[in-house]
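Trainee: Attaching a single structure in structure tokens format; questions to follow.
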Amino acid sequence: DTLEPRTSSSQGMVGQHAARRAVGVILRMIREGNISGRAILLAGKPGTGKTAIAMGLAQELGEDTPFTTLSGSEVFSLEMSKTEALTQAFRRSIGVRILEETEIIEGEVVEITTDTLA
């Protein structure tokens with residue numbers, strides 16, 4: 001439960017100690033319910049491990065946590081607005097689960113009567 005990043009990882013994540021510590025703080029805030037909003041945006045230069053850190057965070061939060069990757073070129077596209085690009089990305093990550101309730105009535109049929117129209 002420490003916020004310090006592990007020095008060795010079985011999944012091969014190395015480096016980025018400050019970023020991993022920051023994600024540990026975010027993880028604790030999410031678990032305690034102290035974070036507002038429904039998404040986290042990680043920004044930085046290409047190749048700095050943002051996707052790997054985000055995937056690790058989503059794994060740590062559990063299988064019900066949606067994970068959506070989004071590149072800067074998708075957001076700053078000339079074909080659609082930034083808001084539309086972000087909305088589409090979030091819609092892709094939404095998981096819908098439908099629970100169906102069924103009621104089973106057991107018993108013995110004793111008599112059946114039908115009404116006929118005159």
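The rows are residues; the columns are (1) of a type in the set (A, V, I, L, M, F, W, C); (2) modelled with pLDDT of 80 or more; (3) more than 14 Å from the chain's Cα centre (by Cα); (4) not in a loop (DSSP other than H, G, I, E, B).
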{"residue": "SER10", "(1), (2), (3), (4)": "no, no, yes, no"}
{"residue": "ARG31", "(1), (2), (3), (4)": "no, yes, no, yes"}
{"residue": "ASN34", "(1), (2), (3), (4)": "no, yes, yes, no"}
{"residue": "LYS45", "(1), (2), (3), (4)": "no, yes, yes, no"}
{"residue": "GLN59", "(1), (2), (3), (4)": "no, yes, no, yes"}
{"residue": "PRO66", "(1), (2), (3), (4)": "no, no, no, no"}
{"residue": "SER77", "(1), (2), (3), (4)": "no, no, yes, no"}
{"residue": "GLU101", "(1), (2), (3), (4)": "no, no, yes, no"}
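Trainee: Tell me which residues, restricted to region 53-67, are open to solvent by 50 Å² or more (accessible area, probe 1.4 Å) and either over 20 Å from MET29 (Cβ atoms) or β-branched (Val, Ile, Thr) (or both). Give the derivation first.
Mentor: Going through region 53-67, the residues open to solvent by 50 Å² or more (accessible area, probe 1.4 Å) turn out to be 55, 59-61, 63-64, 66-67.
Result: GLU63, single match.
Trainee: Here are the criteria: (1) touching a helix residue (DSSP H, G or I) at 6+ places or on another chain (Cβ under 8 Å); (2) open to solvent by 80 Å² or more (accessible area, probe 1.4 Å). Tell me which single one SER73 does not satisfy.
Mentor: So SER73 meets the others, but not (1).
Trainee: Which of the residues spanning region 79-99 are open to solvent by less than 80 Å² (accessible area, probe 1.4 Å) and either in contact with a Leu (Cβ under 7 Å, 6 or more places away or on another chain) or modelled with pLDDT of 70 or more (or both)? Please lay out each step first, then the result.
Mentor: Residues of region 79-99 that are open to solvent by less than 80 Å² (accessible area, probe 1.4 Å), as a first pass: 80-81, 84-89, 93, 95.
Selection gives MET80, SER81, GLU84, ALA85, LEU86, THR87, GLN88, ALA89, SER93.
The values are calculated or read from the model by the stated rules, or taken from the named source; none is laboratory data. This one's a predicted model, so the numbers in the text were calculated from it and none came from an experiment. A quick note on method: Cβ atoms are made from the backbone with ideal geometry, for glycine too, and the neighbour counts reach across all protein chains shown. Just so you know, the surface numbers come from the protein's heavy atoms only, side chains and all, with ligands and any DNA or RNA stripped out. Shrake-Rupley method; radii C 1.70, N 1.55, O 1.52, S 1.80 Å.
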